[in-house]
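Read the figures in this text as sums done on the coordinates, not as results from a lab. Note that the structure is a prediction, hence the values are computed from the model and not measured. Note: ideal-geometry Cβ built from the backbone for every residue, glycine included; neighbour counts use all protein chains shown.
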Amino acid sequence: MSDIAEKSPIIGSSRLWIAAIVVAALQTAVLGYMVGERAWGLRTGVEVLLKTAPVDPRDLLRGDYVTLNYDISRVPISSLVDGPPKTSRSASILSVRLKKQEDGYWGIVESSFGVLDPKPDTVVLKSLPYDYVFYGDAADQSQAMLGVTYGIERYYMPEGQGREIESARNDNRVAIVARVSSDGVAHIRSLLLDGKSVYEEPLY
């Protein structure tokens, strides 16, 4: 018994070390998966040009960033092919089909809370799961919109450079090149100012 008692602290310490190693390995695996998924999306995704719209600015905890809003951030209810969701709106995911327009930007041609099958010359982008925002008159839904987010609403940049881009964004001089993966996830590839790329996202 005395031998076991003497060894117990060592056994307990070893278990703690093993647990710490397992946790660290899991965290590394998750981080690696996230980085790999982003790199895969940037490499293989369909490239789309998105028009931005005016909004607001600064994250004091993480430095300068540009808050981005898009023409496609408000989805016309008239574009819903199967109407609003039949169940709770909480955690709803909206699929939006985009197609290149005459001006070069990609715009919404239809949307659905169900599945949108692939079609030539289009890409299906999925919103983040959340309780979406309704804009417009509920009595007249012909002009009503659903406000959605896609996970590309912030673009971080070096300290002190965000304000200039924000000003340009509010003058409609900023656009975003994004890549949309086959599973509908968007990743920002570059930020354009007056049609020229000023910030490029590395794959890693």
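Observations
- Distance (nanometres) between label positions extended 7 Å along Cα→Cβ at residue 135 and residue 71: 1.4
- Local charge for residue 116 was computed over the other residues whose Cβ lies under 13 Å away, with Lys and Arg +1 and Asp and Glu -1, and equals 0.
- Charge dipole (region 139-181, unit charges on Cβ, about Cα centre) - positive-most of 161, 147, 180: 180
- Among 196, 51, 119, the order by Cβ neighbours within 10 angstrom, fewest to most, reads 196, 119, 51.
- Highest mean packing comes first when the peptides 104-110, 173-179 are listed by Cβ atoms within 10 Å, giving 173-179, 104-110.
- For 134, 113, order by how many other beta-carbon atoms lie within 10 Å, fewest first: 134, 113
- Relative contact order (%) - region 45-200, alpha-carbon pairs under 8 angstrom, separation at least six: 30
- Averaging 1/r across all pairs of distinct Cα atoms in region 102-204 and inverting the result yields a Kirkwood radius of 16.2 Å.
- By other beta-carbon atoms within 10 Å, ranking 166, 200, 102 with the fewest at the front produces 102, 200, 166.
- Computing FRET efficiency as 1/(1 + (r/R0)^6) for residue 194 and residue 117, where r is the C-beta to C-beta distance and R0 is 35 Å, gives about 0.40.
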